[in-house]
Amino acid sequence: MQVLENDILVHRYFGKKVNQFSSSNKITYLDRAFSPSPISGNRTFSLDTLSMEYSSNGLGDFRAAAIEVRNEFGTALDLRYQTHRIFKGKKKLLDLPASFASEEEVETLEIDLYDQLTDVTVTLSYSVFEEANFLARSVVIQTGRYPSTLETALSFMLDFPHQDFAIHSLTGRYGYEKEWTVTPITKGKYSIGSIRGASSHSRTPFLALASKDVTEDYGEVYSAHLVYSGNFTGFVETTALETCRWGMGLNDWGFCWKLEAHQSFQTPEALLSYTDRGLTGMTQTSHAFLQKHLVRSPFANKPRPILINNWEATYFHFTEEKILSLAREAQQAGIELFVLDDGWFGKRNNDESSLGDWYVNKEKLPNGLNGLAEAINDLGMEFGLWFEPEMISVDSELYRKHPDWAIHIKGREHIYSREQLVLDLSKKEVCDYLIDSITRVLQSANITYVKWDMNRNITSISEGQANATKHEFYHRYILGLYRILDTLTQAFPHVLFESCAGGGGRNDLGMLYYMPQAWASDNTDAIGRLSIQEGTSLIYPIASMGAHVSAVPNHQVGRITPFSTRGNVAMLGNLGYELDLTALSDSKKKEVASQTALYKSIRQTVQFGNIYRLQQTENTKAYTYVNKDKSQAVFTFVKILAQPEAPLVQVRLKGLEERALYHCPQLDASFYGDELMNIGLTMPHIQKDFFSVQYIFNKI
Ligand code: DGJ
């Protein structure tokens, strides 16, 4: 950055570390037609053509605004540098999840920009995690003597003097989350975002700008994450002068925040990183940073249990005996945790009732949660429970008592999704009710795992909704949610929390801060999950990615895949099972037991190692996960469809120790690291659909 003579703060560079800045390369000022100047007689100075650090519209900059504050003077801000502070460590963000570190690991720069006319101060915050190669940015906007409304407030904007990028984002839909999408930079604006009240299945609060010729190993990648779970925006805007502006923050659709005189607003945090080590560099830097500096849970670095979830095994129709018979099979197969999914509470026998009534259904579970948890604990397994706290069914005790707690527009019919409505978390009493009722359940039995689901998006916001104006509602909802999560995760540090929103409908860094795991997708088909898991693990740590083996024909797509492939694909994440184990043949049960035994021997490598995506084609996927000291590698290869005269596939591994000798029990052979990485392995020529192999390499 540079403070110009007139105190305007311009942006100079973001990228690979430069040790010294001579400032010999001066800014070039040119007289550009139709680029207005604030200085009479100086036609070369325009906010429109400078690289700005944080800018509004209205005074010459015609690119997307980072900030808009409306008051009696309009919405423009003439922001001038006022002062700055540098200190060790990093402040907490008020009421919002954010990265953290010790004072030795992070240093913060705060810059105050001030607009004299409107008396507004904008404080830009930059926390540098030098070791981890990450930069956390956020902004505080403070009014002075004039009440105002905040209409736009990005968490960061970044101007580049060129457009030599391709844009990488994660798109998709329900059951097909986090599709890795590469879009050429266009004339105009590429933007992603959500106005659903959640980050959504179809867009992730993440964007990367990579060199056009980036590969897994080479090329520059700039990446940005937003630590937020609600409505967001992210964009890359190109200009006629072939520069571009990048930004991310709260979505300004339906957003308008009232600030009285002398009040402030904190934006969510954005996390930026740069690497010249290609896409693998981005992934590994991101995993390491998030694992260490964002996942707040005491489980962040703990191995995650292998679980069985009863959802696809029973759906809503179970008895205590059925659950226990599943648990007994699971225990025999080496599974460590039983997760009781939807249907255990109120009168919930289908998805049309009882959300909000968080007390056990004694008809299904006559010995209550405590009785069931004890019986499962007696088997030597842990017990976990599903909740969907943010929702309310019209057919529920809660709705009969508090119909006004459901978000609705007075005088209009409800808008349903999965027959349910959303609770108004902008109301303190609603959040308190949820904290109390979930606390009561968690205290009622030995529950050491919670799956926190959320199965619809928000509609029907009205003016005066609860305590919030219409335009504050979405953000207030998320603040309410974060308060609940903050309270519960701190009150129950021994509980491992998993977030879920019909799979990955809110799999974002806001949730990851509180909940170290997420259910990546409701699509449990091994082939469908290949792209979902690849997109998820592109940026999120493997330890956060739930992956289950399910029954065939698969319940979502009807595909029949081999058991080994279902296991191999699920072992690319946190392994779990979601099928009726009691219905399996003895030989299949043995296969489950050998999968869990094997997974335990590679769990540390899978969950906390370095991931390498190997040469991929439309029809084949290959990965190696290597543990930190390179003593173990887990190699997985999946071939989707058999082909006539299929070419032989040779895969070269990555990340091993060149000179070390590795033994592979599956091949009953040993190989040197450099052999595997340079010559590679020839994949078996098997003419079957959905074929896969998994080879473990242990350093001898
Ligand atoms: C959606 C989740 O993604 C599923 O795993 C399951 O928990 C259902 N909800 C239960 O209703």
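What follows is calculated from the coordinates using simple rules that are stated; it is not laboratory data. What you are looking at is a predicted structure, and each value in this text was computed from that prediction instead of being measured. Cβ atoms come from the backbone with ideal geometry, glycine included; neighbour counts cover every protein chain shown.
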Residue-span extension gain [GLU429 to ALA597] - 0.36 nm each, minus C-alpha spacing: 55.8 nm
Per-selection Rg to Rh, the range 53-293 - Cα, Kirkwood hydrodynamic radius: 0.96
Crossing angle, helix 526-539 versus the chain [Cα axis fit, 0-90 degrees, rounded to tens]: 40 degrees
Aspartates and glutamates with Cα under 15 Å of LYS17, excluding same-chain neighbours fewer than 8 positions away: GLU130, GLU131, GLU220, ASP276
Pairwise Lys count, the range 620-699 - Cα closer than 26 Å, eight or more residues apart or different chains: 12
Spatial separation of Cα centroids for the range 65-85 and the range 397-447, in angstrom: 39 Å
CD proxy at 222 nm, helix term only [per DSSP H run n ≥ 4: -39500 (n - 2.57); per residue of the chain; nearest 500]: -6000 deg cm²/dmol
Förster radius 51 Å - calculated FRET efficiency between ASN698 and SER40 (Cβ-Cβ, nearest 0.05): 0.10
Paramagnetic reach from LEU30 (point 7 Å along Cα→Cβ, amide N under 19 Å) across the range 224-244: 238-244
Straight-distance crosslink candidates among aspartates and glutamates, where the alpha carbon sits under 18 Å from LYS589 and sequence neighbours closer than 8 are dropped: GLU312, GLU329, GLU336, GLU578, ASP580
Difference of contour (0.36 nm per residue) and Cα-Cα distance, ALA583 to VAL182: 140.1 nm
Interchain or long-range residues, amide H under 5 Å from GLU388's placed H: ASP453
GluC sites (Glu not before Pro) lying in DSSP loop within the range 570-633, provided at most 12 other Cβ fall within 10 Å: GLU618
